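Have a look at the structure below before the remarks.
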Amino acid sequence: MNTENVKLSNRAYIAIGLMLFALFFGAGNLIFPASLGQQAGVNVWWAVLGFIVTGVGLPLLGVMAMGYSGAKDLQALAGRVHPAYGFFFTVVLYLTIGPAFAIPRTGTVSYEIAIRPFLANGGTDMSQMIFLVVFFALSLWLSINPAKLVDRIGKVLTPLLLLSICALIVKSLVTPMGAYMGATKAYSTAGVAVVQGILDGYNTMDALASLVFAILVIDFVKLSGAKTKEEVTSATFKAGIIAVACLGFVYVFVANLGATSVQQLGLLETGAPVLAESAKYLFGDIGALILAVIVLLACLTTSIGLITSCAKYFQRVFPAIGYKSYVVIFTVVSFLIGLYGLKTIIVAAIPVLMFLYPLTIAIIALAFLNNTFQGRQCVYAWTIGLTCVAAFVSGAETAGVSLGAFGEWFATYVPFHAQGMGWISFTVVGFIIGFVHKALVSKPEVNGEEKTA
């Protein structure tokens, strides 16, 4: 009897892990390691090592942190800093993984992989606009009228997309397109490549999404029989391991595909044409067409999922506007941003990610350390407050905004700032100050009892 329970439990872990992988996995998870591979060349494995830290490790920690924290959702977890901050952080995160960047990216990646390679002149702004009109019209229609068809297509497409990528990977290993070329400046040495790989991992946005997807995972884990906090954390970890192991496998070999493609394809602007042209080179037009159709449909289901998730969240916090109105607003905004093209969207997202990722990493760390400081708000506030300062500086500088003397002071005196990680020292100092604050100031009492928050 016990053996049967273990088997059932293992099947549940696998099912939940694959569900989480399907939530994470999209065309964005393919284009960034492919581009990294091209840029890193001979230093590709060092760059992949860094990419895995933020593209694999952080999403796993994000899912685990939500399970360990016991918070009902992301806003509740971030609200431990202050309710206003919880609202601000959650709204910005949803907009980032929604209409500001991730949803438009689904349309532009689809165009770059599924349409542009087959156009004689390489495509025009008009051809991109026409495609995006059709793509987001379908997204709008299916988001307003959600049906089981979308879920079924998603369940079929994710394995098909993974199988097609595996075929591409195997073919590239058996008959590589070329040797590793020299690394670009951003990946010029092993150490530099690791750091750049860490920053490149931000682009997947999976660590941000993990804090949202984790709630679905936790619900399924509880339905599968987990009762206590320890059981939920353990089960969430096991399911998360399955998901991120699949992601890591894809990242390693797609990066290698990119690294060996430069000799044949040249250095391309983004990872989308790397995949499309590699498929065409290795399998001919038919192989490229099959990959194109699968990526197109996978991006469509991802677009629908993100639109519906964002619409449901904003309807909950701003109920004056109906669900369908939010769907229309987010779809139209995504279409308009998509007109700027994939490269512009990727570049524009970087400053926002440089701001959001330090805050995300800090809140994940605080969730795990919560019991060491009894969940005191002062520790959350000091840590996130100082992290915000450094994150703002990184985001502003990445966006090309001059901060004058303050920026010069940062560049001169803050450790690791030149590598884009100056926030680490601010986070650590904030945590120490918060811990000292906790030790010196007792919790205020309400009606003769200590406040628990």
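The values are calculated or read from the model by the stated rules, or taken from the named source; none is laboratory data. Because the structure is a prediction, the values reported are computed rather than measured. Don't worry about glycine lacking a Cβ; one is built from the backbone with ideal geometry, like all the others, and counts go over all protein chains shown. Keep in mind that these areas ignore ligands, DNA and RNA; they rest on the heavy atoms of the full protein, side chains included. Shrake-Rupley method; radii C 1.70, N 1.55, O 1.52, S 1.80 Å.
One table, with the values for the structure above:
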quantity	calculated
Residue among V352, V436, V327 that alone is more than 21 Å from G201 (Cα to Cα) and in contact with a Ser or Thr (Cβ under 9 Å, 6 or more places away or on another chain)	V327
Residue within segment 353-362 that is in contact with a Pro (Cβ under 9 Å, 6 or more places away or on another chain) and either part of a helix (DSSP H, G or I) or free of Cβ contacts under 8 Å to residues at least 24 places away in the same chain (or both) present	no
In segment 45-65, the residues that are closer than 15 Å to F24 by Cα and open to solvent by less than 10 Å² (accessible area, probe 1.4 Å)	T54, G55, P59, G62, V63
Qualifying residue in segment 314-333 (condition: buried (at least 20 other Cβ atoms within 10 Å of the Cβ) and either within 24 Å of V81 (Cβ to Cβ) or out of contact with any helix residue (DSSP H, G or I) (no Cβ under 8 Å at 6 or more places or on another chain) (or both))	yes
Residue check, I103 under 27 Å from A349 (Cβ atoms), surrounded by fewer than 18 Cβ atoms within 10 Å (Cβ to Cβ) and either at pLDDT 90 or above or aromatic (F, W, Y) (or both)	no
When residues of segment 223-233 are limited to those that are open to solvent by less than 50 Å² (accessible area, probe 1.4 Å) and not hydrophobic (A, V, I, L, M, F, W, C), the one nearest to N370 (Cα to Cα)	T233
Some residue of segment 287-304 being free of Cβ contacts under 8 Å to residues at least 12 places away in the same chain and under 19 Å from the mean Cα position of the chain (by Cα)	no
Some residue of segment 72-92 being crowded, with 22+ Cβ neighbours inside 10 Å, outside any helix (DSSP H, G or I), of a type outside the set (A, V, I, L, M) and modelled with pLDDT of 95 or more	yes
Qualifying residue in segment 29-45 (condition: closer than 25 Å to I361 by Cβ and at pLDDT below 85)	no
Filtered residues of segment 136-159 (kept if open to solvent by 40 Å² or more (accessible area, probe 1.4 Å), at pLDDT 90 or above and not aliphatic (A, V, I, L, M))	W141
3 or more residues modelled with pLDDT of 95 or more and in the same structural domain as L353 (by the TED database): qualifying helices (runs of 4 or more DSSP H) within segment 364-453	377-398, 423-440
Verdict on V252 being closer than 19 Å to L77 by Cα, in the same structural domain as L74 (by the TED database) and out of contact with any Leu (no Cβ under 8 Å at 6 or more places or on another chain)	no
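Residues are listed down the side, and each one gets a yes or a no for (1) of a type outside the set (G, A, S); (2) open to solvent by less than 20 Å² (accessible area, probe 1.4 Å):
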{"site": "K343", "(1), (2)": "yes, no"}
{"site": "A349", "(1), (2)": "no, yes"}
{"site": "P358", "(1), (2)": "yes, yes"}
{"site": "I361", "(1), (2)": "yes, no"}
{"site": "N371", "(1), (2)": "yes, no"}
{"site": "W382", "(1), (2)": "yes, no"}
{"site": "G395", "(1), (2)": "no, yes"}
{"site": "A399", "(1), (2)": "no, no"}
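Quick grid of which residues meet (1) hydroxyl-bearing (S, T, Y); (2) part of a helix (DSSP H, G or I); (3) at pLDDT below 95; (4) open to solvent by 50 Å² or more (accessible area, probe 1.4 Å):
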| residue | (1), (2), (3), (4) |
| --- | --- |
| G240 | no, yes, yes, no |
| V244 | no, yes, yes, no |
| F249 | no, yes, yes, yes |
| V254 | no, yes, yes, no |
| G258 | no, yes, no, no |
| A276 | no, yes, yes, no |
| K280 | no, yes, yes, yes |
| A288 | no, yes, yes, no |
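Residue by residue, here is whether (1) open to solvent by 70 Å² or more (accessible area, probe 1.4 Å); (2) over 26 Å from L58 (Cβ atoms); (3) aromatic (F, W, Y); (4) part of a helix (DSSP H, G or I) holds:
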position: L161; (1), (2), (3), (4): no, no, no, yes
position: I165; (1), (2), (3), (4): no, no, no, yes
position: V170; (1), (2), (3), (4): yes, yes, no, yes
position: Y180; (1), (2), (3), (4): yes, yes, yes, no
position: G191; (1), (2), (3), (4): no, no, no, yes
position: V194; (1), (2), (3), (4): no, no, no, yes
position: G197; (1), (2), (3), (4): no, no, no, yes
